[in-house]
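Below is one structure, written out as structure tokens; the observations come after it.
The values are calculated or read from the model by the stated rules, or taken from the named source; none is laboratory data. In this text the structure is predicted, and so the values were computed from the model without any measurement. Please note: Cβ atoms are built from the backbone with ideal geometry, for glycine as well, and neighbour counts cover all protein chains shown. Side chains included, ligands, DNA and RNA excluded: accessible areas come from the protein's heavy atoms. Shrake-Rupley method; radii C 1.70, N 1.55, O 1.52, S 1.80 Å.
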Amino acid sequence: MSLMNFELITITDQNVKTLIDLARDARQDGYRFVQRTIDEWLLRINAFSKDGEILNGILLGDKIIAIGGLNIDPYMDDPSIGRVRHMYVHRDYRENGLSKVLMKKIIKDAKKSFRLLRLSTNNEVAVALYENLGFEKVKVHKATHVLTLKK
């Protein structure tokens with residue numbers, strides 16, 4: 001199936017359980033946060049439901065092959081600061097620009113509600129992506145990169 005047929009979707013209560021296959025792939029890749037995303041959603045700990053929050057997915061056929069989210073930054077006491085959360089692309093679909101598609105959507109959505117975006121990563125491939133999109137490297141509490149947003 002061609003990657004040209006992917007669809008950018010919003011994860012909702014109706015489709016959050018379809019992330020199970022992606023969570024399995026992530027676990028095999030050494031990451032548990034996709035399963036944690038599902039668990040926290042179902043427990044209502046984080047269902048990306050506050051003002052400005054969203055969890056996006058990339059659907060290919062009937063399979064979600066990537067996710068990326070936007071939350072109010074839980075580490076800051078300021079609802080105008082957003083946080084990029086839970087970015088993951090299935091191993092079989094990497095290096096096809098899907099992370100960039102997700103990040104452009106997250107940045108576009110963030111501009112509606114937030115003045116600043118923060119994230120934390122130690123993945124060098126992700127670092128290159130974020131910096132290419134304008135994020136600046138920082139050394140602050142719970143963040144490695146920030147992006148000032150212009151509305």
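Tabulated values for the structure
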item	result
Å² per residue, accessible surface of the chain at 1.4 Å	56 Å²
For the chain, size of Cβ-based charge dipole, Lys and Arg +1, Asp and Glu -1, in debye	380 debye
Inter-probe distance in nm under a simple model that places probes 7 Å from Cα toward Cβ, at residue 43 and residue 5	3.8 nm
Total charge dipole magnitude, region 46-103, about the Cα centre, Cβ charges on Lys, Arg, Asp, Glu only, Debye to nearest 20	260 debye
Packing rank of 68-75, 25-32, where each peptide gets the mean count of other beta carbons within 10 Å, highest leading	68-75, 25-32
Highest-fluctuation residue, 76, 87, 103 considered, GNM on the chain with Cα pairs under 10 Å	76
Candidates 16, 140, 89: whichever shows maximal mean-square fluctuation once the chain is modelled as a Gaussian network with Cα springs under 10 Å	140
Hits among lysines - C-alpha to C-alpha of residue 17 under 16 Å, sequence gap 8 or more where chains match	63
Region 74-151: relative contact order as a whole-number percent, Cα under 8 Å and 6+ apart	33 percent
Gyration tensor (alpha-carbon) shape descriptor, region 35-100, a/c threshold 1.5	prolate
Within the accessible area of the chain (1.4 Å probe), percent carbon and sulfur	48 percent
Lys, Arg +1 and Asp, Glu -1 on Cβ, resulting dipole of region 92-151 about Cα centre, debye, nearest 20	500 debye
